[in-house]
Amino acid sequence: MLEIRDLSSGYGETIVIENINLQVKKGEVVALIGKNGVGKTTLLKSVMGLIRKKRGQILFNGINLEKLKPEQRAVLGMAYVPQGREIFPFLTVKENLLLGIEARNNVEKEIPKDIYELFPDLKKIENRKGGDLSGGQQQQLAIARMLITRPKLIMLDEPTEGIQPSIVYAIENAIRMIKEQKTISIILVEQFVEFALRLADSCYIMEKGKIIFGDTIENLDKNEIKSRVGF
């Protein structure tokens, strides 16, 4: 599905991530954990094409993404939900979701039933404006809008940050339901280690712009992971 080879990237002349090697298989959830500032977000933005890489290769289903813009990568089936969520605050929940349908260039004009099955609370508040929602509701909306585009790979950047426990549970349940379908791959960047490890098939730890450790969950010791990350 996704293969990252010796990737180095950053801003201007500054290298933030260096010699990153990472693989994500079809239907797999890969957790990427580490302290703030180690380069996790930079890695996701590089994969999505929002930051121009310095060196290395990014392959998606065998396609080299070297010359593809973010919108072209989205057409291939890549989707990114950033920390800021980036919903449209003056549009209603339903209108935000309908924009996801427009992005698919599909004749379908109704919100798919499975979206509300994943996030039933959104159905109850579909006429509320995005800017009036809580942080947790906005996060659910951002993920739901992204899923409407029917991606093959989704990248979630700190989906539980600043969110109340009840909605963290709802997001965890939605990710688990997506995982059970075994058709969508997920890269999960997360500070909440327990949350990430409950969902992940594999885990990578980043430190100072490099991946220092990575393996399948079955081969990892959770206490060792926590000690390495310092949480």
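The values are calculated or read from the model by the stated rules, or taken from the named source; none is laboratory data. Just so it is clear, the model here is predicted, and its values are computed rather than measured. Glycine gets a Cβ as well: all are built from the backbone with ideal geometry, and neighbour counts include every protein chain shown. We work out accessible area using only protein heavy atoms, side chains counted, and drop any ligands, DNA or RNA first. Shrake-Rupley method; radii C 1.70, N 1.55, O 1.52, S 1.80 Å.
Here Gln140 qualifies as within 14 Å of the chain's Cα centre (by Cα), assigned to a helix (DSSP H, G or I) and either under 24 Å from Met48 (Cα atoms) or without any contact (Cβ under 8 Å) to a residue 60 or more places away in the chain (or both).
Among the residues of the stretch 160-168, is any open to solvent by 10 Å² or more (accessible area, probe 1.4 Å), in contact with a strand residue (DSSP E or B) (Cβ under 9 Å, 6 or more places away or on another chain) and either of a type in the set (Val, Ile, Thr) or assigned to a helix (DSSP H, G or I) (or both)? No: zero hits. In the stretch 151-165, the residues that are closer than 15 Å to Gly77 by Cβ reach residues that are modelled with pLDDT of 90 or more and open to solvent by 20 Å² or more (accessible area, probe 1.4 Å) with C-beta atoms within less than 6 angstrom, at least six apart or across chains, in these pairs: Met155/Tyr80. Taking the criterion of being within 19 Å of Lys152 (Cβ to Cβ), among the hydrophobic types (A, V, I, L, M, F, W, C) and in contact with a helix residue (DSSP H, G or I) (Cβ under 6 Å, 6 or more places away or on another chain), the residues of the stretch 30-49 that qualify are Ala31, Leu32, Met48. Checked against the criterion of being aliphatic (A, V, I, L, M) and in contact with a Phe, Trp or Tyr (Cβ under 9 Å, 6 or more places away or on another chain), the stretch 123-138 contains not a single residue that satisfies it. Can you say whether Ile154 is open to solvent by less than 80 Å² (accessible area, probe 1.4 Å) and not in a helix (DSSP H, G or I), as far as the supplied structure shows? So Ile154 fits the description; yes.
Does Leu91 qualify as being under 21 Å from Leu156 (Cβ atoms) and either free of Cβ contacts under 8 Å to residues at least 60 places away in the same chain or surrounded by 14 or more Cβ atoms within 10 Å (Cβ to Cβ) (or both)?
Values: under 21 Å from Leu156 (Cβ atoms): no; either free of Cβ contacts under 8 Å to residues at least 60 places away in the same chain or surrounded by 14 or more Cβ atoms within 10 Å (Cβ to Cβ) (or both): yes.
The answer is no for Leu91.
Residues that are open to solvent by 40 Å² or more (accessible area, probe 1.4 Å), more than 27 Å from Gly49 (Cα to Cα) and either modelled with pLDDT of 90 or more or among the basic types (Lys, Arg) (or both) occur at least once in the stretch 192-209.
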